[in-house]
Amino acid sequence: MHATRLPAINRFPRTNRALHPDRPWIRLLTFALGTLAIAAVVSNVWRSANGLTDNTMAESMSQFTNQGNFAFGIACIISALISRDRLPRWWDDLRGALSFYAVMTGIIYALLVAEPGENARWDLGWENLALHRFTPIAALLGWLLITMTLRGTWVRPLAWVLYPLAFLGYTWMRGAMVNWYPYGFLDPTKPGGWGAVLQTTAMVLVAFLVIALLLHVLGNMRVALAHRKSKH
């Protein structure tokens, strides 16, 4: 695998080298986070496959939470095992996308999915806490703190929302065939029908786009703290 040429760190070198993704302590934490996310998803699917939840295995695998967190976990482990200069130039864009999905999982669960009073409780299953609280916060902190030197273009946040759009299409097509929807706000068989579903979905998509743009800008701000373009 050939080394990838990335812009050099030329601002705040001590801090940015301390927070570089190749630092051993960053790698260790990243690996632990990825392992936690994957373990929680695997546990969810295993419990569903063995009749320990209200969902079947296929239903569990069709949840945004499990899909997004599994991919996030895989990316974390790859980041922990392979040095940044051995990964593609677009790796930070992918890491940003998966961090974005993790963050949105936490936000949407807290606002639209959690039972009344649940957000103030900690006596929940460890999988729930891992995927809906710990991973979203850790993903956000990683995106804001870990050193990056390659700016993303404005196409990036638009690309990030393609998977949520595809997930919507998949959910509604599958739901029409099996009469099951992973989240109540996506279920047109509930009171309010398609009108309520489309209204809520429109607001959710706007929120997705706004947060995607915000994380994109924050990511480029983080890049600016590590690399300044030459004027020549």
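The figures follow:
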| quantity | calculated |
| --- | --- |
| Stokes-Einstein D for the range 13-224, Kirkwood Rh over Cα pairs, 10 °C, 1.306 mPa s (µm²/s) | 88 |
| Normalised contact order of the chain, rounded percent, pairs of Cα under 8 Å and 6 or more residues apart | 28 |
| Rounded to the nearest 20 debye, dipole of the range 13-224 from Cβ charges on Lys, Arg, Asp, Glu | 880 |
| Most positive-pole-ward Cα, Trp160, Pro116, Thr171, against dipole of the chain from beta carbon charges | Trp160 |
| Residues Val155, Val223 arranged by fewest to most Cβ contacts within 10 Å | Val155, Val223 |
| Within-15-Å neighbourhood charge of Ala49 [Cβ basis; K, R +1; D, E -1] | -2 |
| Counted charge near Leu33, where neighbours are those whose Cβ lies closer than 15 Å (Asp, Glu -1; Lys, Arg +1) | +3 |
| Most positive-pole-ward Cα, Leu186, Val197, Trp126, against dipole of the range 13-224 from beta carbon charges | Trp126 |
| Helix 193-224 vs. the chain, principal-axis angle (Cα, 0 to 90°, nearest 10) | 10 |
| Under the Karplus curve 6.51 cos²θ - 1.76 cosθ + 1.60, θ = phi - 60°, whole-Hz ³J(HN,Hα) for the range 139-152, x wherever Gly or Pro sits | 5, 5, 4, x, 5, 7, 10, 5, 5, 9, 10, 10, 6, x |
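Any read-out appearing in this document is the output of simple, stated calculations on the displayed coordinates, not a laboratory observation. Everything numeric here is computed off the predicted structure, so don't read it as measured data. Glycine also receives a Cβ, built like all others from the backbone with ideal geometry; neighbour counts cover every protein chain displayed.
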